[in-house]
1. With springs connecting C-alpha atoms under 10 Å apart, model the chain as a Gaussian network and identify which of Trp374, Trp218, Trp175 has the largest mean-square fluctuation.
2. Would you kindly find the accessible area of Lys417, with a 1.4 Å probe and non-protein molecules such as ligands, DNA and RNA excluded, rounding to the nearest 10 Å²?
3. Show Tyr277, Tyr126, Tyr132 ordered by accessible area, largest first, where the area counts protein heavy atoms only and the probe is 1.4 Å.
4. Calculate, for Ala294 and Lys202, the FRET efficiency according to 1/(1 + (r/R0)^6) with r their C-beta to C-beta distance and R0 22 Å; round to the nearest 0.05.
5. What do you reckon, how do Lys385, Lys136 stack up by accessible area (1.4 Å probe), largest on top?
6. Pick from Val193, Val322, Val286: which is most flexible by mean-square fluctuation in a GNM of the chain where alpha carbon atoms under 10 Å apart are linked?
7. Using a probe radius of 1.4 Å on heavy atoms only, what accessible surface per residue do you get for the stretch 1-132? Whole Å² is fine.
8. With all protein chains present, calculate the accessible area of Val233 using a 1.4 Å probe and round the result to the nearest 10 Å².
Amino acid sequence: MKDIQTRLYHRLNWRIMSWIIVIYLMDSIDRTNLGFARAHISQDVGLTAAQFGFAAGIFFVGLVLFEIPISLWSSRVGAPKTFARIMVLWGMTSAATGFIHSRDTFYLMRFLLGVFEAGFAPTCTYYLARWYPENKMSGAIFWHQLSLPLAGIIIGPISGFILSHFDQVGGVAGWRWMFFLEGVPSIILGVIVPFVLPEKPKDAKWLSTQERELIESWGTRQNVRHVAFSAVVKDPAIYFLALGFFSLMAGMYMLNFWLPSIIHEAGIHSSMAVGLYSSFPYVVSVISMAYWSARSDRLRERSFHCYAPAALASVCFVLTTVIPDIFVLKMVVLAGATAGIYASYVVFWAMAANVFQGSAATGGFALINAIGLWGGVISPMVVGKLTTLTGSLSAGMLSMAAIVGIGAVILWSVTQKIMELTRKTAKNS
């Protein structure tokens, strides 16, 4: 039986997970490439650091407003069709950003990008929970979320190359080419997805009857906290989970949107060099995610594996403001912050995937995501405002250290209680 399961995992990773990774990679690229165009677009459109931070944050306003209704609707329509619609619309919007000529139009494009992406992350988590067993979810979430740091690794060199080599090709600025060329692949992939991803195990013709039945049995979670969305919205613990997630999002998007600027402030001015150096922290985070998620699955422990990396990230944010101004040392500390945030993030969603089932699943994921993503709204705006006021990113780094540190404490408290209840339920069943 173990051999059958191992072969099945490999097949699911190839048939399901590989597509999810590519889909999420395109999403991450279209969401975060903004950071590499900051200097160029700010000069051409006329943006202060605070206005750039507002543009980065308004994306999450659109996302949050539509996250829950779209997620609940997607459970009826089906994940593959939801992925297709989202990808085509966000790809078109990202590509269209290359044609903007005013600050207000830029704000509008970022807002619409958030609206069109709403429901994507919760639908991904819900979809994977239908295909993978409980004791493999941390690994599954790792592969799924691998796209986030992977995007950080490849988007720097790619964006740097486009900005450097496509500038004024056909009389068009390099940043305009960047948005257009990085948006088109999402449109193409969105057309393909419904034809390659099955909605349910019974729709997968490449599975045997025995394999379909086995996967269906995995979809039934043991000792879940909620099976109905109406119960989710009444549970205070879910809102504390969301606050912890808020802190992770604040730290993550501080790095996603401002890391190129930090490197630029350190004396690296070439667009290509900034892109290459920006990849290093994400390479380290891939290693940390792989090790930490595997360790969490092996030990079947989620609480410590969730809050401890967040605490490390908070310390690293502080260190960036007090260590000597040595570029290599600063990159090491930034890599520690990035690795901590992403390691905590992957275990967080593995734990959440085992808290919900049934109608609570997509709605529960969406509720946590909708509240938590306000961290993505507030983080770039706060950092942008503090940077404008102080002329340095140090104040923004300290504010993120405080938010992530408080989040680590919240995650420690709430995950201990959730895991304790799960253990008691399992013991009594």
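The values are calculated or read from the model by the stated rules, or taken from the named source; none is laboratory data. In this text, all values refer to a predicted model and were calculated from it rather than measured experimentally. Using ideal geometry, Cβ is built from the backbone for each residue, glycine included, and neighbour counts are taken over all protein chains shown. In case anyone asks, the SASA skips ligands and DNA or RNA and just uses the protein heavy atoms, side chains included. Shrake-Rupley method; radii C 1.70, N 1.55, O 1.52, S 1.80 Å.
1. Ranking Trp374, Trp218, Trp175 by mean-square fluctuation puts Trp218 first.
2. Spelled out: Lys417, probe radius 1.4 Å, area about 140 Å².
3. Numbers: Tyr277 95, Tyr126 45, Tyr132 10 Å².
Order by accessible area, largest first: Tyr277, Tyr126, Tyr132.
4. Numbers: r = 30 Å, r/R0 = 1.38.
The pair Ala294/Lys202 has a calculated efficiency of 0.10.
5. Working: Lys385 110, Lys136 80 Å².
So the residues, ranked largest to smallest area, are Lys385, Lys136.
6. The residue that fluctuates most here is Val322.
7. Numbers: 4940 Å² over 132 residues.
Roughly 37 Å² per residue, with all protein chains present.
8. Near enough 60 Å² of accessible area.
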